[in-house]
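One structure is given here, and the rest of the page talks about it.
The values are calculated or read from the model by the stated rules, or taken from the named source; none is laboratory data. Quick caveat, the model's predicted, so the values are computed rather than measured. Here the Cβ positions follow ideal geometry from the backbone for every residue, glycine too, while neighbour counts run over all protein chains shown.
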Amino acid sequence: MDNWVKKIRKRTNLVAGTIVFLIIVFVAVFAPYLAPTHPWDDADLMISELPPSGEYLFGTDSKGRDILSRVIYGSRISLSVGVISQLINSVIGIVFGLTAGYFGRLWDDIVVAVANIMLSIPSLIFALAVMALLGPGLINVFIALGLTNWAYTCRITRSQVLGTKNQNYVKAAKAMGFGRCRVMFLHILPNIFGPILVMASLGMADAILMEASLSFLGLGTQPPVPSWGGMLAGAREQLFTAPWLSIFPGLAIFITVLGLNLLGDGLRDLLDPHMSETK
Amino acid sequence: MISYVLRRLIQFVPTIFGVTLIVFFLLNVLPGNAAMMAGGKNRIPPAAQKLMIKKWGLDQPVYARYFKYIKGLCTADLGTSFISGERVTDVLAPRLWPTFKLAVIALAIACVTGIPLGFYSALRQGTAMDTVTMIGAVSGVSMPQFWLGLLLMYFFSVYLKILPTVGYGNGDPKFIILPAITLGVGYMALLARTTRAAVVETLSQDYIRTARSKGISDLLINRRHVLRNTLTIILTSAGLQFGSLLGGTVVVETLFSWPGLGTMMVNSIYYRDTPITQGCVMIIIVGFLVINLLVDLSYALIDPRIKYQ
Amino acid sequence: MQPAKTVLNIDSLFTEFNTIDGTARAVNDVTFDVKRGEILGIVGESGSGKSVTALSIMRLIRPPGSIRRGRIEFFGRDLMGLSGDEMKDVRGNRISMIFQEPMTSLHPLFTIGLQISEMYIKHMGLSKKEAWEHAIEMLEKVQIPSPEKRVKDYPHQMSGGMRQRVMIAMALSCNPELLIADEPTTALDVTIQAQVIDLMWQLEKEYSTAIMMITHDLGVIAEIAQRVIVMYAGEIVEEAEVNQLFEQPKHPYTRALLEAIPKLGRRTRMGRKPLQEIKGIVPGLYNLPAGCNFYPRCPEARPDCRLSDISLIDLGIRGRVRCPYYQGAKA
């Protein structure tokens, strides 16, 4: 136990990532208490495009909204996209990966073929295609990103299952006559949870980045909902007059994604003995 | 060797087929959707809608349209645009070169910087240099491209005023610098991370210990023994991660108003011009697949074990 | 037999590994020598520090490991005092090493010809072509059939025994004064093992190279070694001439090791007697108990064995032993 604490503390990336992640969660949960103004109702054209000052720490945008408040509320969008879409694609990936690895045969071939095809479509391109089908909007972003990266989780899960399938505890569970579902979900899944967790935290980072990209392109979350990516959509035109518009939302994305990537890296170092030994 | 190449080429066909299947059904599963929305947000009168549906064959079942599409693909016919009525191939052809140029230059920037950085970092494992490089790499991976682009644009175009902000500039090389760097940085960071991991992994191999026990110089060990093996790992994962670079072209082109496939794709999605969207998606995916095919084939040149499988 | 001149003299060698779990003393105050033309066996279970000793001699210990202190004298010159480049002239040229895993010890992406050639190019300054010729010659010496053809092979085209022959060819290519063989036969089939041992024996005769044979297999030791060092938990526990070791093992650990060898015919002669295993496991090197390291597993342990560290007792011609109650002790 003592050793574990030591090992965790030695992983600076894990500690830093966890702290960043917790801060983002805190900001998202308590956004109404932290934000000085309402993110879109308090628009006041009298105060549009004010540079950062004591009153408006991050400045105001072209509609006179406080950027700090919008960035604070934006964490809710990013975090919910990260969590929900990653949840969807973890579930899809795990179910397909588990069953494919466990049952093998034709089902395995089919899953592997579909996953391979999915992997040969660049994620953002696929997400864009789904958004083209569904149209813009936050719910559609959840769906699009939820359907996008499952093949990675699927592949990892499947290879892990193939590795554990023939181990004794699985054989024993089968011999005791437990049902297939029970063996898969109660005996195999908990033992391969580490790599899936790593994938999930890296996947969340990816999903947040993609939502920001979609919203930046105008195809994701729609105004006036303050998505970090969306806030940067018009920033280019005001680069000469109000450069601060470009800075803070982007910084928020960067820090959040960086935190999740560090968390994922740290978890991987910790859980994957093969990788950590080389450290 | 030949059988390997052949097998790999044959595997290419069902993948392409599968990709077209997924993309086509994804974009066409809602019947009439495009006709309803054609022309942007302006509603079209029902009579005209019916006419359009008829004209574009949208009244036919999806599978029938799919086979028609595949038949067209075989003769390099990607259909016609809903909006302008032009052939998709004619619309997209002039867009290919700018995107290709942008992707290749970004790739070159990423390889030339990312691989040496990763190598260097791995050889100095645990030092401050290594830590700094790897923090830089994870930052690069986490950086939203449009933000990086905006920052670069602000610094070089607005503040220093030495580079143009946006546009293609009729192929003026000055215009490609910022977009290419913006697109390349993320991939560079990915490559640096991959390379470092591959080198660290290779350094722990028994045959590297053997090489050391032979007394040959570190330079030779690194350049010959480590690099050769590392290259196979880097190539494979670089090929797989190339998709992220291609996806990035959409964002970067839009940010820099670069007249490539990416901007075309985004515009076509705004206008619900499905054949154009489909064409862009297909071309980008085929590009990605071809890169991976080339990677696999070059693998056969590097790794003698492939020849005998 | 040549006069017993010392090739290698190791004096109080300490090698440690610093990890997150603490410091592991993999080699703990090891002193021994290797004489010219001699085959010295080093025996021990895995984790006893024998491989780390070998890598320390080559100065190939990688972080987190390091040689804390000690002298490694090679023909009277302390290798610890050499610069990196000077050490590279020793490695492969004057001391070379064969590793345990023939499957992974050769680079998979280069022909074996190239891998042997590197030795000649580095240490003898030969051209690529000359080196290639020598590589073929060397393959012939280690009895690889049609060497001019096999020289172009990649490791994956060869069997384990063949690869180990290639390793031997590579190690002996520059005619080193000392060859360290770290479990050279462990990964091989029994018949191939015998061939490889035989080959090494012949080559030793031909080149009069001193050999340090590291193994956990006492059968190999009996066959090839003249003098034996037994290691346990990073320390030497016994040293003796090979006959003496087998006939009059002194340390309880050595005796336990000998008991653990299956002997042909024993079952019929003495009835069904189960093979003796050594109970317990090798202690973790992080938290070694005070006193005798073998204490927890020793069948003859006495209460005072764990009071203080046991020192190695020099018995002159009868070798050395790290046990005050060794077999044949006067007390």
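Structure values in brief
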| item | result |
| --- | --- |
| Hits in the stretch C:139-162 - residues which are assigned to a helix (DSSP H, G or I), within 14 Å of chain B (Cβ to nearest Cβ) and either crowded, with 23+ Cβ neighbours inside 10 Å or of a type in the set (F, W, Y) (or both) | C:P155 |
| Residues that are assigned to a loop (DSSP other than H, G, I, E, B) and hydrophobic (A, V, I, L, M, F, W, C), drawn from the stretch A:173-184 | A:M176, A:F178 |
| Criterion (at the interface with another protein chain (Cβ under 9 Å from one of its Cβ atoms), buried (at least 17 other Cβ atoms within 10 Å of the Cβ) and of a type outside the set (S, T, Y)) met by exactly one of A:A200, A:A233, A:A252 | A:A233 |
| Lone unmet requirement of (1) assigned to a helix (DSSP H, G or I); (2) crowded, with 21+ Cβ neighbours inside 10 Å for C:I229 | (1) |
| The one condition in (1) surrounded by fewer than 16 Cβ atoms within 10 Å (Cβ to Cβ); (2) farther than 29 Å from B:L231 by Cα that C:T53 fails to fulfil | (1) |
| Enumeration of residues in the stretch C:92-106 that are under 24 Å from C:D78 (Cα atoms) and aliphatic (A, V, I, L, M) | C:I95, C:M97, C:I98 |
| Exclusive hit being part of a helix (DSSP H, G or I), modelled with pLDDT under 70 and out of contact with any strand residue (DSSP E or B) (no Cβ under 6 Å at 6 or more places or on another chain), set B:A48, B:A64 | B:A48 |
| Sole residue being touching a Lys or Arg at 6+ places or on another chain (Cβ under 9 Å) and either free of Cβ contacts under 8 Å to residues at least 60 places away in the same chain or of a type in the set (D, E) (or both), chosen from A:L119, A:L147 | A:L119 |
| Any hit, the stretch C:126-133, residues being among the polar types (S, T, N, Q), more than 24 Å from the chain's Cα centre (by Cα) and within 10 Å of chain B (Cβ to nearest Cβ) | no |
| Test: residue in the stretch B:101-111 that is surrounded by fewer than 24 Cβ atoms within 10 Å (Cβ to Cβ), hydrophobic (A, V, I, L, M, F, W, C), part of a helix (DSSP H, G or I) and at pLDDT below 90 | no |
| Set C:L55, C:L13: member being of a type in the set (A, V, I, L, M, F, W, C) and under 30 Å from C:M162 (Cβ atoms) | C:L55 |
| Subset of the stretch B:165-178 that is touching a helix residue (DSSP H, G or I) at 6+ places or on another chain (Cβ under 7 Å) and within 13 Å of another protein chain (Cβ to nearest Cβ) - its residue that is surrounded by the most Cβ atoms within 10 Å (Cβ to Cβ) | B:L178 |
| Output for the stretch C:287-300, where each listed residue is without any contact (Cβ under 8 Å) to a residue 24 or more places away in the chain and among the aliphatic types (A, V, I, L, M) | C:A290 |
| Test set (1) at the interface with another protein chain (Cβ under 8 Å from one of its Cβ atoms); (2) assigned to a loop (DSSP other than H, G, I, E, B) - C:S96 fails condition number | (2) |
| Lone qualifier among B:V112, B:V104 - being under 21 Å from B:L255 (Cβ atoms), free of Cβ contacts under 8 Å to residues at least 24 places away in the same chain, more than 14 Å from chain A (Cβ to nearest Cβ) and within 18 Å of the chain's Cα centre (by Cα) | B:V104 |
| Test: residue in the stretch B:145-164 that is in a loop (DSSP other than H, G, I, E, B) and within 23 Å of the chain's Cα centre (by Cα) | no |
| Residue check for C:S51: touching a residue at least 24 places away in the same chain (Cβ under 8 Å), touching a Lys or Arg at 6+ places or on another chain (Cβ under 8 Å) and not in a loop (DSSP other than H, G, I, E, B) | no |
| Any chance A:R268 is facing chain B (nearest Cβ under 7 Å) and at pLDDT below 90 | no |
| Helices (runs of 4 or more DSSP H) within the stretch B:187-305 that include 3 or more residues facing chain A (nearest Cβ under 9 Å) and surrounded by 24 or more Cβ atoms within 10 Å (Cβ to Cβ) | B:227-255, B:261-270, B:274-302 |
| Residue, farthest from A:S85 (Cα to Cα), within the stretch A:149-189, restricted to residues that are buried (at least 16 other Cβ atoms within 10 Å of the Cβ) and of a type in the set (S, T, N, Q) | A:T164 |
| Only listed residue being away from chain B (no Cβ under 14 Å) and on the phi > 0 side of the Ramachandran plot, chosen from A:G177, A:G218 | A:G177 |
| Scan of the stretch B:156-182 for residues that are touching a Leu at 6+ places or on another chain (Cβ under 9 Å) and among the aromatic types (F, W, Y), ordered by number | B:F156, B:F175 |
| Qualifying position, being at pLDDT below 85 and farther than 30 Å from B:L58 by Cβ, among B:L297, B:L220, B:L240 | B:L240 |
| Residue check, B:S142 buried (at least 20 other Cβ atoms within 10 Å of the Cβ) and either in contact with an Asp or Glu (Cβ under 7 Å, 6 or more places away or on another chain) or under 21 Å from B:I291 (Cα atoms) (or both) | no |
| Within the stretch C:103-117, tally of residues that are facing chain B (nearest Cβ under 7 Å) and either surrounded by 24 or more Cβ atoms within 10 Å (Cβ to Cβ) or not in a loop (DSSP other than H, G, I, E, B) (or both) | 3 |
| Every pair of residues 6+ apart whose Cβ atoms lie under 7 Å, when the first sits in the stretch B:1-24 and is touching a residue at least 60 places away in the same chain (Cβ under 8 Å) and more than 30 Å from A:A144 (Cβ to Cβ) while the second is small (G, A, S) and part of a helix (DSSP H, G or I) | B:M1/B:A300; B:Y4/B:A300; B:V5/B:A300 |
| Subset of the stretch B:118-137 (residues that are outside any loop (DSSP other than H, G, I, E, B) and surrounded by fewer than 22 Cβ atoms within 10 Å (Cβ to Cβ)) | B:F119, B:Y120, B:L123, B:A128, B:M129, B:D130, B:T131, B:V132, B:T133, B:M134, B:I135, B:G136 |
| Filter result for A:F240 (facing chain B (nearest Cβ under 7 Å) and either of a type in the set (A, V, I, L, M, F, W, C) or surrounded by fewer than 19 Cβ atoms within 10 Å (Cβ to Cβ) (or both)) | yes |
